[in-house]
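Heads up: the structure comes next, in structure tokens.
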Amino acid sequence: MGPGEALAILAAGTAAGGVNAVVGSGSLITFPTLLAFGFPPVIANVSNNIGLVPGNASGGFGYRRELAGQRGRLLRLGVAGAIGAVAGALALLTLPSSAFRMVVPVLILISCALVLAQPWLSARLRSRADDHRRRPGRAGPLLSLGVCLSGAYGGYFGAAQGVLVIGLLGSFLDETMQRVNGAKNVLVGIVNGTAAVVFIALAHVSWTAAALIAAGSTVGGLLGARFGRRLPPLALRLFVAAIGVISAAKLIFF
């Protein structure tokens, strides 16, 4: 790897860390960059996942004020996400990608619709809820299942995983978009971190690429969190949807 390639991977990691902190889809920057420099797809995916974990952590740290009062919920949902991540990571290492890849764009577009419809969906859910079925802000079994499934996707590939998680949290929880985004950063970090453990134990990793992405994504995560926290809810929601549509288009046509 020459200096120019190393600089490009570092820059891609920085951009991906910033995008991940605000919404997700950072892998659609770093993963194609590694492929362009000749990395085999599975090694590129594995190395990319490991490299983005520090950026997930720095993005979560940047949203620490929005995480106040969410510890219990995130512990429960984090366990569900970790279980899914193990399943997805093992699937990446053992199964062909063609069938799952066909479903990914559909999942992303559904998530974009959920993000845009989040205020209406939340109002509908609140109007139909009672104390025995759903309390606003409480993580129920359906949300846990959704986070587990999104964790499986994240462990397998993970591009736009943040869009899926934001769509789930925004639809099931009575929270602001900024608090939802902070929770998303933590849950995506748990999923990526769990998958990284599996990859380190069982897969071949390009540690040079992973280290460059890690350095860039750590800085990008802090910068992205600082910028994302200043966005008004509507702007953030529209930005999430735009990133999701672009992600789906890239997966379908490229």
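The values are calculated or read from the model by the stated rules, or taken from the named source; none is laboratory data. Since the structure is predicted, the reported quantities are computational estimates derived from the model, not experimental observations. Because the Cβ atoms are built from the backbone with ideal geometry, glycine has one as well, and the counts that use them run over all protein chains shown. Side chains included, ligands, DNA and RNA excluded: accessible areas come from the protein's heavy atoms. Shrake-Rupley method; radii C 1.70, N 1.55, O 1.52, S 1.80 Å.
Using a 10 angstrom Cβ neighbour count of at most 13 plus a DSSP loop assignment to flag exposed trypsin sites (Lys or Arg not before Pro), which longest range of the chain is free of such sites? Excluding the exposed sites themselves, the longest stretch runs over 1-132.
Structural size metrics of region 37-111, computed from C-alpha coordinates, are Rg and Dmax of 15.6, 45 Å. Figure note: F157, F37 ranked by solvent-accessible area, largest first, 1.4 Å probe, ligands and nucleic acids not counted: F37, F157.
Annotation: peptides 187-194, 200-207, 163-170, ranked by per-residue average of other Cβ atoms within 10 Å with the highest first, follow the order 163-170, 187-194, 200-207.
Residues in region 1-98 average 41 Å² of solvent-accessible surface per residue, probe 1.4 Å, ligands and nucleic acids excluded. Summarising the label geometry, the points placed 7 Å from Cα in the beta-carbon direction at D174 and L234 lie 2.4 nm from one another. Among complete DSSP H helices in the chain, those whose alpha-carbon atoms stretch at least 18 Å along the helix's long axis and whose mean Kyte-Doolittle hydropathy reaches 1.6 are 98-116, 233-253. Dipole size of region 1-110 about its Cα centre, with +1 on Lys/Arg Cβ and -1 on Asp/Glu Cβ: approximately 460 debye, rounded to the nearest 20. Note on the chain: with charges restricted to the Cβ of Lys and Arg (+1) and Asp and Glu (-1), its dipole about the Cα centre is near 860 debye.
Report the percentage of all Cα-Cα pairs in region 182-240 whose separation exceeds 15 Å, rounded to a whole percent. Of all Cα-Cα pairs in region 182-240, 65 percent lie more than 15 Å apart.
Summarised in one figure, the compactness ratio Rg/Rh of region 24-76, Cα atoms and Kirkwood Rh, is 1.15. Placing M1, M102 in order of accessible area, with the largest value first and a 1.4 Å probe, yields M102, M1. Taking +1 at the Cβ of each Lys and Arg and -1 at the Cβ of each Asp and Glu, which of M177, G189, A36 sits farthest along the dipole of the chain towards its positive end, judged by Cα position relative to the Cα centre? In the chain, that residue is M177. Counting only protein heavy atoms and a probe of 1.4 Å, the accessible surface of the chain is 72% carbon and sulfur. Here the chain is treated as a sphere whose radius is the Kirkwood value from Cα pairs; by Stokes-Einstein at 25 °C and 0.890 mPa s it diffuses with a coefficient of 138 µm²/s.
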